[in-house]
Structure formats: C-alpha cells, structure tokens
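For reference, the structure is listed below as structure tokens.
The values are calculated or read from the model by the stated rules, or taken from the named source; none is laboratory data. Remember, predicted model here, so these are calculated numbers, not experimental data. Ideal geometry is used to build each Cβ from the backbone, glycine not excepted, and the neighbour counts take in all protein chains shown.
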Amino acid sequence: MDQAFTPTPVIERPAIDMDYVTGLLRRLLEIPSPTGFTDQITDFCCEELRSLGIPFQLTRRGAIRADLVGKHSRNDRAVVAHVDTLGAMVKALKPNGRLELVQIGTWSARFAEGARCTLFTDTGSYRGTILPLKASGHAFNTGVDEQPVGWTNVELRVDAQCASEIDLLAHGINVGDFVAIDSQPEFDPGGFVNARHLDDKAGVAAMLGAAKAILDAGITLPVDCHLVLTVSEEIGTGARAVLDRDVAEVLAIDIATPAPGQNSRETGVTIAMADSSGPFDRQLTQKLLGLCRTHDIPHQRDVFRFYRSDAAGVIEAGYDLRTALACFGADSSHGYERTHLSSLRALAELIAVYVQTGTASTLQDLGEGLVLT
C-alpha cells in the first residue's frame, strides 16, 4: 500500500493551456533533431524560453538550463526532458548509388523501412526514402517477404540522379552525413496524436506547458526549479554533465510504454517505479503518487525492464540526489508512436504541482520536514 502524502496546503493546480501545448508540440515535431544534429531545435527552444520570459543558459554541448526562480536557491530541483530523437547516419556510399545506414539511438530497422527522411550534407540537404534491399515484389517476388530485418538490409534511396558512388560524391554526399526521419504527425480531433519522435518532444511540450501555467498563475515556487533540455538522451548520456551540484531532486520526463505485460496507458501520467538502471527514489516517487491522488490527476505505476532515461545518466555521473521518472503514455515506442492529449495534460499538471513543493533537503534545512505517514 502506498504511504499517504500530506502536500503543502498552498499548492495550486493551475490550468494547463492545452492549445499552447499542442501548438508547441506541432512546431517541435517539424524540426529535425537526431542526436548530434540538434542545433536547430536548441535555437528554437531558446527562443521559446525567451518568449515565456524564462532565463536560461546553454552548455558547451548545446543542452539548455532554464530557471524558474523560487524563494530559496539551495537544495533545489531540476525537471529534465530531451529534445534529441532517433535517426541515422551514412555508413557507406554504395556502388549502386544508394547509401548504407547505421542507426542513431536504439530502434529497429523494421520501423525504418519505407520512411521518408532528409539527408543533411556539409553544404545542403536531400530528400530520400529508406528501403529494404529487396523493395519490389515485381522484381523479387516472394523474396521481399523473406529478407531479414536489420540495418544491413536497408538502404537510403536519395532523391537525386545517383547511380554510382561517384554520383553520390558529386552531389556532396559523404560518410557521416546525418539522416533525420520525418515525424509525420497527425492530430486527431478526438485527442490522439500519431507521430514519430513523440519521445521526447511531447514531454518537452508538457514541461513547458507546466512552466507557462506556473507563470500565468503568478505562483512563487518554494525553491528554484531548473528546466533542463538535454541533447543526447537517445545515446545514453543525457543529463550526465548538465546539472548544478546544488540540485537535490531530479524529475525526468519521458515516454511510458503501453504494451502487453506493461501497466502504462495512453491516458493519464505514468509514474515509473523502476527501469533498467534500477528502482527510483522511493520517497520522491511516493511524493509524486501522493500529489496525483490529492489533486485528482489520472495516473498509474509501471516498471520498465528495457528502458532508461535522463535520470540514469545523472546517477551514473555521481550526483548525490533523488531521482524519479514521470511519463506520458505512447504506444509503439521508438516506432510510429501514438499518445493522447489527456496524457500530456495529466503530465503537465503533475509537473506544475510538483514544482510547488519543497525538496526534502530544503525542508530539512528549514526545519519543516516532509510529512510521510
């Protein structure tokens, strides 16, 4: 049974501007941002923070640290999401004028087959399609169904006159060029959102939606809250070198995985109890669950066996702090994903009430304690 949590009485559940969240998500999905190719989306997020009036800093690697200033600036907290996505990179120029690819991040070539994409060269870009080596039933008959799934069994067909390696070089195409997969977003009137790269652009939209709600309501936070946007979560580093050493708590924002054997859903917020890196901090997790119950935020709990988030990188970097993970639910993770706007609303609401609480370390410093009975 969960421990009962008594929240600070002054906590409000501010209204989330879902038109803002939805519009922001649309714009984020339009920007290509595979890990290693994130300058454009970083610039966009900086402009968005400026428009909200939230001060920020850029790290050397291009991550963003923004600040919602509170009454106290010691033993503060960070809410972390990532703007980088899955993608691919040119591994080799092939004699047939096509390109061998290697994936960026962990995702199956099954979801790459048939994808439209953009190839970024040193001087420009080309459109193209990722195809299996045997892409035509008219040419290969049943062979198209017998080919194994794997990155060595797909190739990129560039929309340019290329029939040889020499042609590819003449177009300025080289090994190491980035390939960004089209997000192909669809926003259903019933609230469903289908797209690639909802992981974690939907989380970013929910996080900034929560920040906007706090600002619009004129709420003063008890401790500083750092909004952190990382650029390398999909390759496992994430927030490892981004946080200030005074941070006492980290709430990572990422994707939950509705699937057989999982307790996640596409609605409500999912609180992760553990992932492949181990259990999350019990005290902080219980705090989130208590906030959901107290403020009537739809939620569920889950454990992810084949999954890690920005929080794992923080712990591995040696930070002495508490971590937790709150998620929006998205079916077909790392494929053509689907979530529901109600899940983004619930996640934004949880973030908005969570940042109004004191961190455990700050409450102890002030002699207030954290009430857990």
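A single entry from Thr123, Thr85 fulfils the requirement of being within 26 Å of Leu58 (Cα to Cα) and touching an Asp or Glu at 6+ places or on another chain (Cβ under 7 Å): Thr85.
Where residues in the stretch 3-18 are part of a loop (DSSP other than H, G, I, E, B) and within 24 Å of Leu344 (Cβ to Cβ), which of them is modelled with the lowest pLDDT? Checking each candidate, the answer is Pro7. A count restricted to the stretch 111-143 and to residues that are surrounded by 14 or more Cβ atoms within 10 Å (Cβ to Cβ) and over 34 Å from the mean Cα position of the chain (by Cα) stands at 1. So Arg61 ticks every box in (1) assigned by TED's automatic domain parsing to the domain that holds Thr237; (2) modelled with pLDDT of 95 or more but one. Which box is left unticked? Exception for Arg61: condition (2). Against the conditions (1) assigned to a helix (DSSP H, G or I); (2) crowded, with 24+ Cβ neighbours inside 10 Å; (3) not aliphatic (A, V, I, L, M), Arg293 satisfies every one except (2).
For (1) more than 20 Å from Ala348 (Cβ to Cβ); (2) surrounded by fewer than 23 Cβ atoms within 10 Å (Cβ to Cβ); (3) under 16 Å from the mean Cα position of the chain (by Cα), each residue gets a yes or a no:
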site	(1), (2), (3)
Thr42	yes, yes, yes
Ser51	no, yes, no
Arg60	yes, yes, no
Ile104	yes, yes, yes
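Note on the stretch 43-63: residues that are more than 16 Å from Ala239 (Cα to Cα) and not in a loop (DSSP other than H, G, I, E, B) amount to 10.
Between Arg74, Arg116, Arg127, Arg98, the distinction of being among the basic types (Lys, Arg) and in the same structural domain as Ser232 (by TED's automatic domain parsing) belongs to Arg74 only.
Quick grid of which residues meet (1) touching a residue at least 24 places away in the same chain (Cβ under 8 Å); (2) among the hydrophobic types (A, V, I, L, M, F, W, C):
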| position | (1), (2) |
| --- | --- |
| Ser108 | yes, no |
| Gly128 | yes, no |
| His138 | no, no |
| Cys162 | yes, yes |
| Val193 | yes, yes |
